[in-house]
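One structure below.
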Amino acid sequence: MRHPIGRMLAALAVAAGVTAIAAVPAQAARLPAFTIVVAPHGNDHNPGTAVRPLATLQHAQQLARTLSARADVHVELAGGTYRLSTPLKFTAEDSGRGGHTITWQARPGQRPVLSGGQAVTGWRLHDPAANVYVADVPKGVDSRQLYVDGAAAPRAAITIARTDVKVTETGLTIVNPALNHLAGLPAQNRIEVESQNSFTDRYAPVQSITGTTITMQQPAWNNNNWGYDTLARPFAGGTLLLENSYTFLQTGQWYLDPDAGKLYYKAAPGQSPAGKDVELPSLTSLLQLSGTYDHPVHDIAFRGLAFAHTTWLQPGTSIGYADQQSGTFIASAFPQPADFLTSCQIGCPQFEAARNSWQQVPAAVQVSAANSISFEDNTFAHLGQVALGIGNDANAHASGVGLGVSGITVHGNTFTDDAGSGIVVGGVRPDAHHPGNPAMTNEDVTITGNLVTDVAKDYKDMAGILSTYVTHAVIEHNEVSDLAYDGIDVGWGWGANDPGGSQDYRNRGLYAYQPVYTTPTTLRDTVVRYNLVHGTKKVFHDGGSIYNLSANPGAVIDRNYVYDNHNTVGLYLDEGSRYVSLRNNVIQDAGVWAFTNASSTNNTNDNTFTGNWYNAGATQVATGAPHNNVLNGNVKVADGNWPPDAQEVMRTAGIPALPQGGVRRP
């Protein structure tokens with residue numbers, strides 16, 4: 001009997017207009033693309049044609065491998081929801097070969113959804129007086145996210161005053177008697193404290209509550225309370241919340257009891273979740289593209305797909321989320337001074353020992369050890385962490401292989417309603433900035449024409465787009481909006497890893513734990529231009545709408561339009577920023593339109609601000625020796641009278657209009 005794959009190949013060959021595949025000479029003319037069709041109503045015994053589609057993406061993947069050396073392959077997904085029980089994993093075997101590309105795409109006019117969640121139905125009234133409903137879900141399934149009718153619903157939470165509690169070395173002491181009832185709550189080890197600070201957004205889980213003593217899980221508690229902008233001493237106050245207890249439920253919120261397999265939702269008066277689209281995520285990633293440095297995954301494209309419904313559980317474990325900045329966190333215990341609550345609130349030598357072990361938030365779609373990969377016209381929505389992670393450190397990739405990307409294109413996608421950043425490119429550990437293997441270098445990543453809006457909803461410290469140690473990242477014509485923190489952030493390291501190091505970090509004690517490098521990092525030639533950035537800084541005042549960190553030779557920040565940043569910083573050059581040219585940008589209604597975080601010890605030097613327009617805000621740029629930052633031809637505009645060149649920047653920044661009707665994409 002003929003093998004099923006053989007039958008499928010024959011059927012696909014006929015569908016593609018190809019015959020006698022095995023007899024085609026090596027030098028023959030390029031064959032037409034093979035098309036493999038998948039549909040939720042399909043059958044994996046079918047040949048994968050439009051009339052007889054396959055059912056699963058895994059089977060289409062297996063078939064595509066057999067065809068990719070012969071011609072381009074198009075895997076077309078019909079509309080509908082593809083519920084994944086495990087992430088899709090792409091290795092070098094899944095690459096296009098012989099100059100061919102494998103494209104995973106939507107069928108024309110259709111929108112397939114790759115989902116890591118399950119629909120929740122069977123709602124029944126649990127507490128009529130409070131209008132709380134309950135539904136059964138599989139026991140053991142846990143999640144930090146729930147999506148109701150296409151939008152993230154908040155977990156059960158209450159806001160408390162910082163004066164209601166006192167921070168101790170082991171947890172919190174309740175000061176406000178109104179909170180004494182916490183000792184009687186069930187499932188205390190699922191309760192979390194969230195602290196929104198100046199630039200960090202920290203999560204720490206409770207261990208137990210006895211009387212007025214709240215004992216917290218370790219090492220999450222200690223790690224959240226040393227360094228900078230800590231839970232104990234935030235630089236600028238900020239909101240403090242208690243989360244994830246049934247008793248905290250308020251209208252529109254939910255609580256999950258994974259041991260009992262019960263999901264609770266408090267509906268608005270007179271309403272019910274019955275009949276709503278309620279999605280409970282269970283997967284922590286959807287798509288993992290990762291080869292090896294010797295054999296990268298390559299020549300794969302994704303077009304017109306929707307990625308949805310993931311979660312990330314680590315903040316609820318004893319690790320917590322000891323946030324340091326932009327989605328990095330401390331994930332293990334380190335020796336601390338005995339008096340860390342007083343001696344290490346603006347850094348200390350022992351804290352520096354942890355710096356090179358910081359981890360990154362993993363993404364729902366992960367790309368590493370890869371080249372010639374493209375994402376176009378996809379939607380990354382309702383995801384419980386970073387949406388798209390490209391060349392992050394190994395700890396952020398399920399494959400265990402990080403970094404090593406080149407020729408990656410991200411164009412025309414939408415990122416929205418995600419718990420973390422829309423896009424994070426690059427790593428933060430030593431192999432990211434001084435690779436032990438040249439193949440680890442992240443280079444030539446292009447991010448154009450994307451809409452990144454209303455992301456970083458749970459991990460609010462994250463920017464819409466972050467690019468760390470990358471050679472020639474191009475971030476162009478994107479619209480980035482509605483964020484708690486920054487719009488577009490570039491760079492990492494605070495200048496500590498640049499040639500000759502930083503006196504600031506000598507003073508802090510970092511170089512007892514790492515070398516002073518004599519060669520440049522991989523960060524250079526960044527292009528940030530024609531971006532529309534607005535609605536930023538809704539929670540955190542620190543940082544900037546467009547932000548650079550560390551030396552970035554050849555970097556250009558050009559013709560961006562920034563507005564509605566809550567009177568904070570428009571263009572922010574942080575510690576160690578060098579060799580950055582900022583020109584022809586329009587900054588509207590900022591508190592500080594241009595800022596250099598420059599001191600005598602941190603090398604924020606040799607940058608130029610040229611020909612920018614602004615209508616408000618201070619200029620806080622350190623010029624003259626030793627910094628030698630230059631201000632040249634910048635214009636303050638009065639009464640909204642923007643000159644024609646500024647108006648042209650305002651008109652053309654953001655996602656390009658379609659030629660026919662001026663409608664912005666996507």
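Of all residues in region 408-441, those satisfying the criterion of being part of a loop (DSSP other than H, G, I, E, B), within 30 Å of Tyr203 (Cα to Cα) and in contact with a helix residue (DSSP H, G or I) (Cβ under 9 Å, 6 or more places away or on another chain) are Gly426, Gly427, Val428, Arg429. Within region 317-364, if we keep just the residues that are in a helix (DSSP H, G or I) and free of Cβ contacts under 8 Å to residues at least 12 places away in the same chain, the residue that is nearest to Glu194 (Cα to Cα) turns out to be Thr342.
Going by what's in this entry, would Thr215 be described as outside any strand (DSSP E or B), surrounded by fewer than 24 Cβ atoms within 10 Å (Cβ to Cβ) and among the β-branched types (Val, Ile, Thr)?
Details: outside any strand (DSSP E or B): no; surrounded by fewer than 24 Cβ atoms within 10 Å (Cβ to Cβ): yes; among the β-branched types (Val, Ile, Thr): yes.
No.
The residue that is farthest from Gln118 (Cα to Cα), counting only those in region 134-184 that are buried (at least 19 other Cβ atoms within 10 Å of the Cβ) and charged (D, E, K, R), is Arg155. Quick check on region 190-204. Is at least one of its residues in contact with a strand residue (DSSP E or B) (Cβ under 7 Å, 6 or more places away or on another chain), among the polar types (S, T, N, Q) and surrounded by fewer than 21 Cβ atoms within 10 Å (Cβ to Cβ)? Within region 190-204 (the criterion being in contact with a strand residue (DSSP E or B) (Cβ under 7 Å, 6 or more places away or on another chain), among the polar types (S, T, N, Q) and surrounded by fewer than 21 Cβ atoms within 10 Å (Cβ to Cβ)), the answer is no, since none of the residues qualifies. Does region 364-405 hold any residues that are over 23 Å from Gln314 (Cβ atoms) and surrounded by fewer than 23 Cβ atoms within 10 Å (Cβ to Cβ), and which are they? Asn371, Ser372, Ser374, Glu376, Asp377, Thr379 - these are the residues of region 364-405 that are over 23 Å from Gln314 (Cβ atoms) and surrounded by fewer than 23 Cβ atoms within 10 Å (Cβ to Cβ). If you go through region 223-233 and keep only what is surrounded by fewer than 21 Cβ atoms within 10 Å (Cβ to Cβ) and within 25 Å of the chain's Cα centre (by Cα), you end up with just Tyr228. Set side by side, the residues Gly384, Gly426 differ, and just one is on the phi < 0 side of the Ramachandran plot, in contact (Cβ under 8 Å) with a residue 40 or more places away in the chain, of a type outside the set (A, V, I, L, M, F, W, C) and assigned by TED's automatic domain parsing to the domain that holds Arg355, which is Gly384. Those residues that are of a type in the set (Gly, Ala, Ser) and within 19 Å of Gln217 (Cβ to Cβ), I need them from region 173-196; list them, please. Correct list: Ala183, Ala187, Ser195. Across region 599-636, the number of residues qualifying as among the hydrophobic types (A, V, I, L, M, F, W, C) and crowded, with 16+ Cβ neighbours inside 10 Å comes to 5. For region 17-31, state whether one or more residues are among the aliphatic types (A, V, I, L, M), over 26 Å from Glu376 (Cα atoms), modelled with pLDDT of 95 or more and over 31 Å from the mean Cα position of the chain (by Cα). The answer is no; no qualifying residue exists.
Taking residues in region 609-633 that are free of Cβ contacts under 8 Å to residues at least 12 places away in the same chain and closer than 12 Å to Ala594 by Cβ, and partners anywhere that are surrounded by fewer than 16 Cβ atoms within 10 Å (Cβ to Cβ) and of a type outside the set (Gly, Ala, Ser), the pairs with Cβ atoms closer than 9 Å and at least 6 places apart or on different chains are Thr623/Val630; Thr623/Leu631. Selection of region 564-574 for residues being within 23 Å of the chain's Cα centre (by Cα) and over 13 Å from Ile488 (Cα atoms) yields Asp564, His566, Thr568, Asp574. From the list Val528, Val556, the lone residue that is under 23 Å from Trp642 (Cα atoms), surrounded by 24 or more Cβ atoms within 10 Å (Cβ to Cβ) and among the β-branched types (Val, Ile, Thr) is Val528. The single residue among Asp299, Asp294 that is within 30 Å of Ser68 (Cβ to Cβ), in a loop (DSSP other than H, G, I, E, B) and at pLDDT 95 or above turns out to be Asp294.
The values are calculated or read from the model by the stated rules, or taken from the named source; none is laboratory data. Everything numeric in this text was worked out from a predicted model, so none of it was measured. Don't worry about glycine lacking a Cβ; one is built from the backbone with ideal geometry, like all the others, and counts go over all protein chains shown.
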